[in-house]
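Undergrad: Submitted below is the structure of interest, expressed as structure tokens.
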């Protein structure tokens, strides 16, 4: 518990398999390394036919409105909201420095319908949060992220914990030791 959210602190934590989160009501940064850890193998994403059809009704953009995405993810009306103003400020700074990224999904009217954000360190994308205002929009963002990761030779999509919803999309659990092995390979591809 404790510590700061300076860019070097946060990025070094991700490199070690640790991420920050402020537990509800505590108002102190907690540093987490769950065991087991939720990951989405890039070849494991479950995309239904109805989701494929739904995706055709949206446009995906990258890093065009990071602030809007993180604020939507931080909506205090969401259950278990944990993204505080300090996190918004810290991750916006990471975005400005090129570490944090957003995948945004817009409807045909040009309205933000959903999205996600996270941190990239070499071959790792650490997904932090996702949201939707229209059905399937967050799933479309995840589909786009997986494709972008494949296109860029990335190997590890960390989702932190495995919820029932994420499990339905193909997320699996691995032990902390397995995660750290996968992380080392993602951070430094020369490790075999």
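Undergrad: What's the number of the only condition in (1) more than 18 Å from residue 145 (Cα to Cα); (2) surrounded by 13 or more Cβ atoms within 10 Å (Cβ to Cβ) that residue 75 fails to meet?
TA: Result: residue 75 passes all but (2).
Undergrad: Give the range 36-54 a look and list any residue that's farther than 18 Å from residue 123 by Cα and in contact with a strand residue (DSSP E or B) (Cβ under 9 Å, 6 or more places away or on another chain), or say none.
TA: 36
Undergrad: Restricting to the range 24-35, and then to whatever is touching a helix residue (DSSP H, G or I) at 6+ places or on another chain (Cβ under 7 Å) and touching a residue at least 60 places away in the same chain (Cβ under 8 Å), can you tell me which residue is nearest to residue 3 (Cα to Cα)?
TA: Filtering the range 24-35 for residues that are touching a helix residue (DSSP H, G or I) at 6+ places or on another chain (Cβ under 7 Å) and touching a residue at least 60 places away in the same chain (Cβ under 8 Å), the one nearest to residue 3 (Cα to Cα) comes out as 33.
Undergrad: If you don't mind, another one. Which count do you get for residues in the range 135-166 that are more than 18 Å from residue 123 (Cα to Cα) and either crowded, with 19+ Cβ neighbours inside 10 Å or within 15 Å of the chain's Cα centre (by Cα) (or both)? Steps first, please.
TA: Here is the first cut: in the range 135-166, the residues more than 18 Å from residue 123 (Cα to Cα) are 135-141, 161-166.
In the following step, the residues that additionally are either crowded, with 19+ Cβ neighbours inside 10 Å or within 15 Å of the chain's Cα centre (by Cα) (or both) were identified as 136-141, 161-163, 165-166.
Within the range 135-166, residues that are more than 18 Å from residue 123 (Cα to Cα) and either crowded, with 19+ Cβ neighbours inside 10 Å or within 15 Å of the chain's Cα centre (by Cα) (or both) number 11.
Undergrad: Can you name every residue in the range 133-149 that is in contact with a helix residue (DSSP H, G or I) (Cβ under 8 Å, 6 or more places away or on another chain) and either under 23 Å from residue 37 (Cβ atoms) or free of Cβ contacts under 8 Å to residues at least 24 places away in the same chain (or both)?
TA: 139, 143
Undergrad: I'd like to know if the range 100-112 contains one or more residues that are closer than 27 Å to residue 150 by Cα, modelled with pLDDT of 95 or more, surrounded by fewer than 19 Cβ atoms within 10 Å (Cβ to Cβ) and touching a helix residue (DSSP H, G or I) at 6+ places or on another chain (Cβ under 7 Å).
TA: No, there is no match, as no residue in the range 100-112 is closer than 27 Å to residue 150 by Cα, modelled with pLDDT of 95 or more, surrounded by fewer than 19 Cβ atoms within 10 Å (Cβ to Cβ) and touching a helix residue (DSSP H, G or I) at 6+ places or on another chain (Cβ under 7 Å).
Undergrad: Just to be sure I understand, how many residues within the range 163-177 are in a helix (DSSP H, G or I) and in contact (Cβ under 8 Å) with a residue 60 or more places away in the chain?
TA: 3
Undergrad: Of the numbered conditions (1) in contact (Cβ under 8 Å) with a residue 60 or more places away in the chain; (2) outside any strand (DSSP E or B); (3) in contact with a strand residue (DSSP E or B) (Cβ under 8 Å, 6 or more places away or on another chain), residue 126 satisfies every one except a single condition; which is it?
TA: Exception for residue 126: condition (2).
The values are calculated or read from the model by the stated rules, or taken from the named source; none is laboratory data. Since the structure is predicted, the reported quantities are computational estimates derived from the model, not experimental observations. Note that each Cβ is placed from the backbone with ideal geometry, even for glycine, and that neighbours are counted across all protein chains shown.
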